[in-house]
Amino acid sequence: MKKFFSMALYSACLLILCQCTTLKPVAQEQNGEWVHMFNGKDLNDWTTKIHHYEVGDNYGDTFRVEDSIIKVRYDKYEGDFNERYGHLYYNTPYSYYHLVIEYRFVGELHPGAPGYTIKNSGVMFHSQDPRTMLKEQDWPISVEMQFLAGLEEGSPRPTGNMCSPGTDVVYEGKIDPRHCINSTSKTYYGDQWVRAEAIVLGDSLVTHIINGEKVLEYTQPQIGGGVANGYDPAVKIDGTLLKEGFIALQSEGQPIDFRMVKIKNLKGCMDPKAINFHKDYIKSDPEACIYK
């Protein structure tokens, strides 16, 4: 109960901050609590895995940095898309954290990409290590916060949904058999920037937030389900709760830009006697404590 109370308190404070951004727009982001996973210059802290290629092979310069933006592009691809689903992994795994990403869809779907991937991308979390993925594995065993944009006026297409390649989640009290669960977000059209946030508390509660509004909540992310193919069977142990994992930006045929990717770690030393104690942690990690 303490864990969920802390989450509720944290979410309440977050919403208050979102409503007060005109007063202090960046104060909370410049005090050393946030880590900018993307440095605006290069992808040195990231690793690529693209279907049909070995880990580390950024085929066709799929993920690139231009104008201080991570751009997903396909102009250097030979032939059709050919299921070359790709993921760009941050090299550090996390367990309890608050993730913030700003994205926008641009350009046209690459020829040969499935129709459902039009203005469709996402961020994977609690993912397996990309080094455990086989060359012909299409999707990582992970949980996805799916990003979508509207295709035509009057046809709702929410963003910030949950999709589950090789995983399951508990939604409204039971494991939900659907691969994707829609959020309650608004539909965003065109190439506008959208702010997506995920508050992930280990293997307990996960909250999705779009432009400051909570749009989806579920619990107990775990290995299971289908969709992911070509994986090492030793990695997919169904029923295993996902306590931590890697974070990855997605590529599946639709050009997209990411201008911000940052994270606040919520797990650490909670002993006030330690020199690295921090009031914002909600999950104790006694081994991380440093004393004089």
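Taking the Cβ-Cβ separation of THR219 and LYS292 as r and a Förster radius of 45 Å, what is the calculated FRET efficiency to the nearest 0.05? Using R0 = 45 Å, I get an efficiency of 0.70. Counting only Cβ charges, +1 for Lys and Arg and -1 for Asp and Glu, the dipole size of the stretch 33-266 around its Cα centre is about 380 debye. The equivalent ellipsoid that matches the C-alpha gyration tensor of the chain spans semi-axes of 29, 22, 20 angstrom, in descending order. The modelled label-to-label distance for the pair LYS174/ASP285, using points 7 Å beyond Cα in the direction of Cβ, is 3.7 nm. Potential lengthening of the chain between LEU241 and ASN82 amounts to 54.0 nm, from the contour at 0.36 nm per residue minus the alpha-carbon distance. Hydrodynamic analysis of the stretch 149-273 uses the Kirkwood radius over alpha carbon pairs. Inserted into Stokes-Einstein at 37 °C and 0.692 mPa s, it gives a translational diffusion coefficient of 198 µm²/s. Here the gap between GLU54 and VAL227, fully extended at 0.36 nm per residue and compared with their Cα-Cα distance, gives a gain of 60.2 nm. When the charge dipole of the chain is built from unit charges on Cβ atoms (+1 for Lys and Arg, -1 for Asp and Glu) and taken about the Cα centre, the candidate among CYS289, GLY225, SER155 whose Cα reaches farthest toward its positive end is CYS289. Answer rounded, prolate or oblate for the stretch 219-280, using the Cα gyration tensor with square roots of eigenvalues a ≥ b ≥ c: rounded when a/c is under 1.5, else prolate when a/b is larger than b/c, else oblate. Here the stretch 219-280 falls in the oblate category.
Express the relative contact order of the chain as a whole percentage, based on alpha carbon pairs under 8 Å and six or more residues apart in sequence. That works out to 24 percent. Here's the picture: charge each Lys and Arg Cβ at +1 and each Asp and Glu Cβ at -1 in the stretch 103-257, and of ILE175, LEU216, GLY245 the one pushed furthest to the positive end of that dipole is LEU216. The slack in the chain from GLU102 to TRP34, taken as 0.36 nm per residue of separation less the alpha-carbon distance, amounts to 23.0 nm.
Once Rh is set to the Kirkwood radius over Cα pairs, what Stokes-Einstein translational diffusion coefficient, in µm²/s, holds for the stretch 80-206 at a temperature of 10 °C and a viscosity of 1.306 mPa s? Don't skip to the answer; put the middle values down first.
Details: Rh = 15.9 Å.
Once the numbers are plugged in, D ends up at 100 µm²/s.
Readers should treat all values here as calculations from the given coordinates under stated rules, not as data from a laboratory. Fair warning: this is a prediction, and the values are worked out from it, not measured in the lab. Ideal geometry is used to build each Cβ from the backbone, glycine not excepted, and the neighbour counts take in all protein chains shown.
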